[in-house]
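Before any comments, here is the structure.
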Amino acid sequence: MQLSETFWINFWRLFLLVLILSIWQWGAEVNQWLVSGLEKGWQKALTVQVLEPFFISKPTLIWARFLELGCFTDPAGAWISGQEGGFFGCLDSNTNNLWYATLATLRNTFWGFLVGVGSGVVVGLILGRSDFLAQVFEPFIVAFNSLPRIALVPLIVLIFGLGDASKIMTAWVIVFFIVFFSTFEGARSVDRDHINVARLLGASDWQVTWAVVVPSTLAWVFAVLTPALSFSLIGVIIGEFIGAQVGLGKIIIEAEATLETADMMVALFVLMIVGVGLALLIRRLQTYLLRWQSQFSGSGQ
Amino acid sequence: MEVAGDGAQARIVLKDLTKIYGGGSGSEVPAVDTVSFDVREGEFVALIGPSGCGKSTILNMVAGLIPISGGEILIDERPVVTGTPTPKVGYVFQRDTVYPWRTVRKNIGLGLELNGVPKAERERQVAEIVGRAGLDGFEDAFPITLSGGMRQRVSLMRTLIMRPEILLMDEPFGALDTHTKLEMHKLLLEIWNQEQQTVVFVTHDLGEALTLSDKIIVLSARPGRLKEIFDVPFERPRDAVSLRETPEFSALFSKIWHSLGEEFRRTSAEG
């Protein structure tokens with residue numbers, strides 16, 4: 001009769017999930033029922049509003065909207081497969097359906113991440129290895145970096161329009177600096193003796209760069225891949241808030257305008273899943289890339 | 001032609017070698033003061049002295065890692081030019097300098113890789129030298145999983161695979177425990193017996209110097225000056241462990257210890 005710790009951890013997790021969902025689903029009704037006996041109007045107003053479905057929706061409503069936005073059911077709640085047009089007909093009828101929106105957000109996150117990491121590494125390496133260039137560019141980088149990047153988003157949308165380019169640019173201006181600073185720091189702290197060893201073994205300048213400077217700097221880059229990816233997602237969502245045609249951010253901002261809390265919740269849940277998925281993915285990549293470092297070298301996965 | 005006493009050719013010649021750190025208008029710190037000695041072909045020379053006596057500085061100047069301030073260094077009659085390392089000179093650092101992101105195989109094979117040796121040939125040479133170093137089975141391990149002694153063996157093999165004629169070693173076993181150190185002495189003596197490199201070995205461990213070298217050069221406390229040169233006449237091949245138990249070893253040990261002791265006292269009195 002020895003139940004493992006894992007069992008109890010999972011038990012309480014499940015319990016909490018059910019509790020949260022239940023309060024969310026029925027909390028307002030229970031609350032109303034409890035308060036209905038009381039005369040005091042102010043108390044009623046206060047308590048009832050806390051769990052008001054108008055603001056937070058309900059799990060069942062969210063689930064129904066999820067099925068509809070995801071083209072699983074029609075607005076009446078009937079399964080869409082077998083109906084005229086079917087799943088793909090439904091996709092075509094709503095350009096910002098859940099699938100297209102998720103895909104657009106993911107795609108732009110990926111490109112923003114890739115462009116941001118790539119440019120951050122290149123610029124970081126160049127400035128990190130050249131004191132002269134680092135000093136020339138320093139004030140510009142400090143100035144640009146102290147500007148909250150979010151403030152640039154309207155300008156970016158103005159220049160690059162409502163399409164993918166503005167989302168990628170937004171993600172880029174955020175990701176670039178994260179990666180740049182880490183790369184710069186890494187390139188400056190390459191072990192002198194590591195360079196000396198290569199030189200004594202006959203390495204040319206280029207060989208020193210490729211065999212020593214780049215790999216030892218990349219360790220610093222790999223360490224910030226996780227924040228870089230989550231900031232890329234943040235950048236894309238903000239870009240979609242300011243102006244977009246498709247995307248999860250677009251669903252959220254539209255739901256705000258039309259007071260459709262359930263739609264907003266659907267988009268938030270999908271974002272949550274996307275975020276967790278991306279984090280797991282990048283974690284695996286990182287484990288592989290940094291397998292030679294202590295904190296990642298355990299049997300792990 | 002520079003010819004030493006017994007007719008063997010001098011491969012490394014130091015003439016009034018001087019190093020002053022700082023310079024310009026700032027405070028100048030003399031580190032090495034007019035040091036002269038030769039190292040003959042195939043000779044194993046130990047440089048010993050209290051810490052801060054400039055022994056590592058001398059080695060770094062011979063390797064061309066740092067510029068000299070005065071005098072000259074000749075290797076095979078050519079002056080050493082800072083920043084232009086020659087392949088025939090190998091260098092082993094005191095610090096752990098294996099590349100953590102490279103496996104044992106790739107660390108050892110780096111020199112060959114840099115010099116464009118094809119992969120198959122590289123693998124062959126690495127496999128051979130890995131066996132000699134007792135690193136079999138660890139070829140694909142990353143350095144983080146190895147002990148300090150094994151990592152230093154990787155460093156040593158990384159240098160030796162280039163078949164340097166001259167080997168400069170800067171307290172290569174300074175960070176190892178006594179037992180591991182003796183193991184490394186065995187390995188080094190074994191390799192040296194076969195290949196007879198010309199070695200300059202910096203250390204502050206007199207026992208180590210006596211076990212390994214043909215000649216011990218004692219440097220004075222800062223700034224480093226040549227104090228005394230001792231010949232180490234023990235027969236070769238030597239056994240790193242049993243040699244230490246002989247009366248000759250003890251006798252020479254106490255003789256050099258006395259000379260060295262004066263310098264250590266000077267260092268502690270100053271600092």
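Summing -39500 (n - 2.57) over the DSSP H runs of n ≥ 4 in chain B and dividing by its residue number, what mean residue ellipticity at 222 nm do you reach, to the nearest 500 deg cm²/dmol?
After summing the helix terms and dividing by residue count, I get -11000 deg cm²/dmol.
Leaving out same-chain residues fewer than 8 places away, which lysines sit with a Cα under 18 Å from that of A:Lys167?
Leaving aside lysines fewer than 8 places away in the same chain, those within reach of A:Lys167 are A:Lys250.
List the GluC sites (Glu not before Pro) within the stretch B:174-271 that fall in a DSSP loop (any state other than H, G, I, E or B) and whose Cβ has at most 10 other Cβ atoms within 10 Å. Walk me through the intermediate numbers first.
Numbers: sites: B:Glu183, B:Glu190, B:Glu195, B:Glu208, B:Glu228, B:Glu235, B:Glu245, B:Glu248, B:Glu262, B:Glu263, B:Glu270; in loops: B:Glu235.
Passing both the DSSP loop test and the Cβ count: B:Glu235.
How big is the protein assembly as shown on each of its three principal axes, counting only the C-alpha atoms and giving the largest first in Å?
Projected onto its principal axes, the Cα set of the protein assembly as shown covers 110, 66, 55 Å.
At a 10 Å Cβ-Cβ cut-off, how would you order B:His185, B:His258, fewest neighbours first? Provide the component values of the computation, followed by the final result.
On the way: B:His185 21, B:His258 9.
With the sparsest Cβ surroundings first, the list reads B:His258, B:His185.
With the contact rule set at Cα under 8 Å and sequence spacing of 6 or more, what percent relative contact order holds for chain A? Write out the running numbers ahead of the final one.
Working: 324 pairs, mean separation 62.0, N = 301.
So the answer I get is 21 percent.
Going by Cα centres, the stretch A:69-92 and the stretch B:46-68 are how many Å apart?
80
Using Cα springs under 10 Å in a Gaussian network model of chain A, which residue among A:Trp172, A:Trp206, A:Trp79 shows the largest mean-square fluctuation?
Ranking A:Trp172, A:Trp206, A:Trp79 by mean-square fluctuation puts A:Trp206 first.
Checking the cross-link filter: which lysines have an alpha carbon closer than 19 Å to that of B:Lys255, excluding same-chain neighbours under 8 positions apart?
Within the straight-line limit of under 19 Å, B:Lys255 reaches these lysines: B:Lys215, B:Lys227.
Using a simple spin-label model with points 7 Å from Cα along the Cα→Cβ vector, what separation in nm is obtained for B:Ser242 and B:Asp205?
So the label points at B:Ser242 and B:Asp205 sit 2.2 nm apart.
Of all the Cα-Cα pairs you can form in chain B, what percent are over 24 Å apart?
51
What's the extension gain from A:Ile273 to A:Ile159 if we count 0.36 nm per residue and subtract their Cα-Cα distance?
Extending this stretch completely gives an extra 37.9 nm.
Considering every residue in A:198-208, what mean count of other chain Cβ atoms within 10 Å of its Cβ is obtained?
Taking the mean over all residues of the peptide, I get 6.
Would you grab the residues whose amide H sits under 5 Å from the one on B:Phe44? Only those 5+ places off in sequence or on another chain, please, with H modelled 1.01 Å from N.
Close amide H contacts, sequence-distant or interchain: B:Val199, B:Asp214, B:Lys215.
So if the hydrodynamic radius of the stretch A:98-296 is defined as the Kirkwood radius over C-alpha pairs, what does Stokes-Einstein give as its diffusion coefficient at 25 °C and 0.890 mPa s, in µm² per second?
On the way: Rh = 18.3 Å.
Diffusion coefficient, whole number: 134 µm²/s.
Arranged from highest to lowest average of other beta-carbon atoms within 10 Å per residue, in what order do the peptides B:133-144, A:17-28 appear?
B:133-144, A:17-28
Give the order of B:His179, A:His194 when sorted by the count of other beta carbons within 10 angstrom, beginning with the fewest. Before the final figure, lay out each step's value.
On the way: B:His179 9, A:His194 21.
Fewest-to-most ranking of B:His179, A:His194: B:His179, A:His194.
Which residue, B:Gly148, B:Gly22, B:Gly224, tops the fluctuation ranking in a GNM of chain B built on C-alpha contacts under 10 Å?
So, out of B:Gly148, B:Gly22, B:Gly224, the one fluctuating most is B:Gly22.
Helix-only estimate, please: 222 nm mean residue ellipticity of chain A, summing -39500 (n - 2.57) across DSSP H runs of length 4 or more and dividing by its residues, to the nearest 500.
Estimated from H runs of four or more residues: -24500 deg cm²/dmol.
Taking neighbour Cβ counts within 10 Å as the exposure measure, how do A:Thr109, A:Thr6, A:Thr226, B:Thr97 sort from fewest upward?
A:Thr6, A:Thr226, B:Thr97, A:Thr109
Show me the helices of chain B, taken as full DSSP H stretches, that run 27 Å or more along their long axis by Cα and average 0.5 or above in Kyte-Doolittle hydropathy.
None pass (Cα extent of 27 Å or more, hydropathy at least 0.5).
Throughout, read-outs are computed from the coordinates displayed, never taken from laboratory work. These numbers were taken from a predicted model, which means no experiment stands behind them. All Cβ positions, glycine included, derive from the backbone under ideal geometry; neighbour counts span all protein chains shown.
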